[in-house]
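Worksheet for the structure shown next.
The values are calculated or read from the model by the stated rules, or taken from the named source; none is laboratory data. The model shown is predicted, which means the values in this text are computed figures rather than measured ones. So basically every Cβ, Gly included, is an ideal-geometry build from the backbone, and we count neighbours across all protein chains shown.
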Amino acid sequence: MREIRFSGYGGQGVIRCGLITGKALSLFDDKFATMNQSIGPEARGSACSSQVVVSEDRVLYPYITRPEILVAMSQDAYEKYEPELREDGILIIDTDLVRMRPARGKIKVFGIPSTRFAEEMGNRIFANLVMLGFFTAVTKVVTPEAMKKALPGLVPSRFLDLNIRAFEKGYTYGLEQLSQTNIGVAEEKSKTPATKPTPAKARKGKK
Amino acid sequence: MKKVKADPKGVLTGAHYLDGDFAIAEGGLAAGCRFFAGYPITPSTETAERFAERIPYVGGVFIQMEDEIASILALIGASWAGVKSMTVTSGPGFSLMMENIGLACMMEVPLVIANVQRGGPSTGLPTLTGQGDMMQVKWGSHGDYEIIALSPDSPQECFDLTIKAFNLSEMYRVPAFIMTDECVGHMHEKVVIPPAEEIEVVNRKMYEGPKDKYLPYKPDKDHVPFMVKAGDGYRFHTTGLTHDERGYPVINAECQDWCVRHLVDKIRKNAHKIIEYKEDGMDGAEIVVVSYGITSRVAVKAIQDARKAGIKVGSLRLITVWPFPEERIKELAKKIKAFVVPEINLGQIRREVERCAFGQAPAIGVPHCGGWVHNPDDILRAIKEAAK
Amino acid sequence: MKEEDRLEERNPMEEFLRMDRMPHIWCPGCGLGTVVASFAAALRKSQVDLNKVAIVSGIGCTGRVAGYVKLDSFHTTHGRPVPFATGLKLANPELKVVVFSGDGDIVGIGGNHFIHAARRNMDILVICVNNFNYAMTGGQVAATTPIQANLSTAPYGNFEYPFNLPYLADACGAIYVARWTSLHLRRVTKSIQEALAKKGFSFIEVITPCVTLYARRNRLGDGLNLLKYYYENSEIQHGADTRTLDIDFQGKIIVGKFIDKEKPTFFECMNTHLKKVLGDKYRPYYGE
């Protein structure tokens, strides 16, 4: 069973990230996947997140307890959710939006300037798809084919091609990163002065 | 009662990735629901949104009413016009509907209400889960009556059980309820919608005799009276007052006895046909976990862990919470050591289990005030405790 | 001559009434009977198909109308006939749906439903029988009770501002608004006839005597005295500005037809709009 959290701020499409990944896994990769999102005031503006639980069998507990993959697309989200990441987990960040502290334990860190890439493609709204492509490449939780198949219905049909291009951009960048070492990213980031970490709020149900 | 294949117009055949709220709307459309009146309330609103979006392509009416009272009244009106109708709500809206859920029972009108439960009482936890309306659905309106309530544990069951709720509602001329919760309502998961010809849909039995001989409340052999619809020339009368077979008000104890017993008997005497539950590992079970909805899903994890620890645990998952499988609980109580009843309230169904067990076996609750689903470990602990 | 053949023994409105429910429960001198008679006369004159007329009532003295008329008739809960009628009408647009209920029902407990049905221009006719008090429960103050009038829950006289119903209906968007008293039998009939022919939210207020409670408590005499009061104090002003129609205790009652206009109904708006936006993909629910 694998637990994934996509996080960022409202409007970045992090819920969509969860939906696309969950749909890809459930409908095209022959896995069981539930997707839940944070609902309510916290979903509007500030840190918001979606959580995907992936399993070979039916998911019995639909919330994440100790995520092994965290995608953080904003500083707030990073501060809020990084502390719950497993010691041996994978952290994926938007390198332009998240200034991170030195990675804990054996956490593997992957970074991509997804928002900048999206802006270069013409619109930052594609940042989530760039990120999804990157996520797909570096985690291998889901196949890129399934992800692309999941897009129709979840992105506006007139932008389907652009979304696929954004996905591929992130995916290619991810493969490149994998072929090099990911330590570079972590070290480079650790040199920048880390912002003072805010204490992660105890979240209900979190174990 | 007429069993037919579903109208393909409303059936979105295929594999989808939907949340429970959406799946309820799709279940309704597949069952032939063509009228939806509702009022936005978290965490149920997505059902109304989905219906509003889909219905123009299917052919039907969506109307956002001024409140939940208006919503249920509009449903009763639409149902008397012969159209399958549904609404969706959550705690506060459900409370507002109560008086007229009684009217629907009294007038014997088929309709479906989904309650995506959240933490209560009052405004409580609008965005977080609960199962605190399980007794309200049964007893919330005044007087004696019976309803049917189903509890899905997944978006797939939200779809399947909404169809079942419509079928039971039409079969017994009674409001039927989908008692789900925020967790299932907002959980996305794979939902497979079969082809229309594989979906069986029940339509209410319509009276076809001479127009002046129609009696709207004369029970048939199965205790359920025949129905007609407004505009077909029967010029019938129906009322929320205690009434006779003609639907005319009769204000005395004799008629009250006949009228109320009929409303109750219609369901109680057919309960064996309505009740559905799923059992697992009952052979030699010492402990039986009785659960429903999302809690039954989380409980599976605890049951698996308990079995690993060598405890003989069976599972009784309620699909229909009301009518309650009284006989089965009675039977089990004689054989087992204890029931464990986890639920996201402080013991509503636990008490029902206790009542049915009649002192033969204790019913140990795993209470939870709401806001989150159980930690499976808490259920496991209760099972271990019960097995001691 | 057999008894049933004697003309005077037969009610001329038998066709419209559930004779097996007579006698009715209304008090001698009550105005409800005459309003029902006007309604029946309007149905006859309009030559509408009685099988396609549905009547919906709430609770109260007027709420019992649904039980006495021989139509598809629905006696619902207190304050709720309007949303019930909304569902009935939308699910079967072929029906002519008439809500027949009292002031307490329509604008007291059911006020919210009333204003929203008018706002949506729901195609129903609302006949509100206004007797200035809650009569079924024994004469309590209502949203329509004139200031000074004495009632059991206003034992020292009413000091609340009452509703001016035609103004309320007009402000909420009703396309037909009239007010009469039960003295104006033929006018009521004509108004109901006109309103039955209209599409949209129509509203007719009929002021009626409540002899047993309102009149007795305020020492206004019997039914005849009240009709005499209507006769002397009502003034027909068709097209009057609805803002000017307040009723003072035993004061002047301005009656007439105040609003008569055309406007697409909820159902028409829905169909037109969705057709425009969705084109051929739109599947209208009924007809077409």
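What to note about this one:
- For the stretch B:126-217, the helices (runs of 4 or more DSSP H) that sit wholly inside it and include 3 or more residues that are away from every other protein chain (no Cβ under 14 Å) and under 18 Å from residue B:278 (Cβ atoms) are B:155-172.
- Of the residues in the stretch B:271-291, at least one is small (Gly, Ala, Ser) and over 16 Å from residue B:329 (Cβ atoms).
- Test: residue in the stretch C:227-240 that is within 14 Å of chain B (Cβ to nearest Cβ), over 21 Å from the mean Cα position of the chain (by Cα) and at pLDDT 95 or above: no
- Residue in the stretch B:128-143 that is farther than 13 Å from residue B:345 by Cα, in contact with a Lys or Arg (Cβ under 8 Å, 6 or more places away or on another chain), assigned by TED's automatic domain parsing to the domain that holds residue B:89 and not hydrophobic (A, V, I, L, M, F, W, C) present: no
- Which numbered condition residue C:80 fails, given (1) surrounded by 24 or more Cβ atoms within 10 Å (Cβ to Cβ); (2) farther than 15 Å from residue C:201 by Cβ; (3) at the interface with chain B (Cβ under 9 Å from one of its Cβ atoms); (4) out of contact with any Leu (no Cβ under 7 Å at 6 or more places or on another chain): (4)
- Filtering the stretch B:180-189 for residues that are surrounded by fewer than 22 Cβ atoms within 10 Å (Cβ to Cβ), modelled with pLDDT of 95 or more and within 30 Å of residue A:25 (Cα to Cα) leaves an empty set.
- Residue satisfying all of: in the stretch B:27-40; within 14 Å of another protein chain (Cβ to nearest Cβ) and in contact (Cβ under 8 Å) with a residue 60 or more places away in the chain; surrounded by the most Cβ atoms within 10 Å (Cβ to Cβ) among these: B:33
- Residues located in the stretch B:283-330, provided they are buried (at least 19 other Cβ atoms within 10 Å of the Cβ), among the polar types (S, T, N, Q) and part of a helix (DSSP H, G or I): B:295, B:296
- Residues in the stretch B:195-207 that are closer than 25 Å to residue B:175 by Cβ and not aliphatic (A, V, I, L, M) were compared, and the one that is surrounded by the most Cβ atoms within 10 Å (Cβ to Cβ) is B:204.
- Residue count for the stretch C:147-174 under the criterion of being within 20 Å of residue C:112 (Cβ to Cβ) and in contact with a strand residue (DSSP E or B) (Cβ under 8 Å, 6 or more places away or on another chain): the result is 6.
- Every residue from the stretch C:121-137 that is out of contact with any Ser or Thr (no Cβ under 6 Å at 6 or more places or on another chain) and either more than 15 Å from residue C:163 (Cβ to Cβ) or assigned to a loop (DSSP other than H, G, I, E, B) (or both): C:124, C:127, C:135, C:136, C:137
- Residue check, residue C:123 charged (D, E, K, R) and in contact with a His (Cβ under 7 Å, 6 or more places away or on another chain): no
- The single condition among (1) outside any helix (DSSP H, G or I); (2) over 17 Å from residue B:25 (Cβ atoms); (3) under 21 Å from the mean Cα position of the chain (by Cα); (4) within 7 Å of another protein chain (Cβ to nearest Cβ) that residue B:109 does not meet is (4).
- Test result for residue C:93, surrounded by fewer than 24 Cβ atoms within 10 Å (Cβ to Cβ), in contact with a helix residue (DSSP H, G or I) (Cβ under 8 Å, 6 or more places away or on another chain) and more than 7 Å from every other protein chain (Cβ to nearest Cβ): yes
- Filtering C:118, C:143, C:171 for residues that are of a type in the set (Gly, Ala, Ser), over 27 Å from residue C:51 (Cα atoms) and part of a helix (DSSP H, G or I) leaves a single hit, C:171.
- Leading residue by the ranking (surrounded by the most Cβ atoms within 10 Å (Cβ to Cβ)) among those in the stretch A:133-169 that are of a type in the set (Phe, Trp, Tyr) and out of contact with any strand residue (DSSP E or B) (no Cβ under 9 Å at 6 or more places or on another chain): A:167
- Some residue of the stretch B:233-241 being more than 14 Å from chain C (Cβ to nearest Cβ) and either in contact (Cβ under 8 Å) with a residue 24 or more places away in the chain or out of contact with any helix residue (DSSP H, G or I) (no Cβ under 9 Å at 6 or more places or on another chain) (or both): no
- Any hit, the stretch B:60-82, residues being closer than 20 Å to residue B:184 by Cα and surrounded by 24 or more Cβ atoms within 10 Å (Cβ to Cβ): no
- Every condition in (1) at the interface with chain B (Cβ under 7 Å from one of its Cβ atoms); (2) more than 22 Å from residue B:73 (Cβ to Cβ) is met by residue C:67 except one, and the failing one is (2).
- Close Cβ contacts (under 8 Å, 6 or more residues apart or on different chains) running from residues in the stretch B:59-81 that are in contact (Cβ under 8 Å) with a residue 60 or more places away in the chain to residues that are buried (at least 24 other Cβ atoms within 10 Å of the Cβ) and among the hydroxyl-bearing types (Ser, Thr, Tyr) comprise B:80/B:238.
- When the criteria are applied in full, residue C:255 meets the requirement of being in contact (Cβ under 8 Å) with a residue 12 or more places away in the chain and among the β-branched types (Val, Ile, Thr).
- Residue list for the stretch A:103-132, filter: among the small types (Gly, Ala, Ser), touching a strand residue (DSSP E or B) at 6+ places or on another chain (Cβ under 8 Å) and under 21 Å from residue A:83 (Cα atoms): A:103, A:111
- Some residue of the stretch B:84-96 being within 12 Å of chain C (Cβ to nearest Cβ) and among the polar types (S, T, N, Q): yes
- Taking the listed residues A:66, A:16, the one that is more than 9 Å from chain B (Cβ to nearest Cβ), in a helix (DSSP H, G or I), among the charged types (D, E, K, R) and closer than 30 Å to residue B:155 by Cα is A:16, with no other qualifying.
- Only one of the listed residues (B:382, B:333, B:386, B:361) is assigned to a helix (DSSP H, G or I), in contact with a helix residue (DSSP H, G or I) (Cβ under 6 Å, 6 or more places away or on another chain) and buried (at least 17 other Cβ atoms within 10 Å of the Cβ). That residue is B:333.
- Positions within the stretch C:110-121 being among the aliphatic types (A, V, I, L, M) and either free of Cβ contacts under 8 Å to residues at least 40 places away in the same chain or crowded, with 24+ Cβ neighbours inside 10 Å (or both), in sequence order: C:117, C:118
- Test: residue A:34 is of a type in the set (Ser, Thr, Tyr) and outside any loop (DSSP other than H, G, I, E, B): yes
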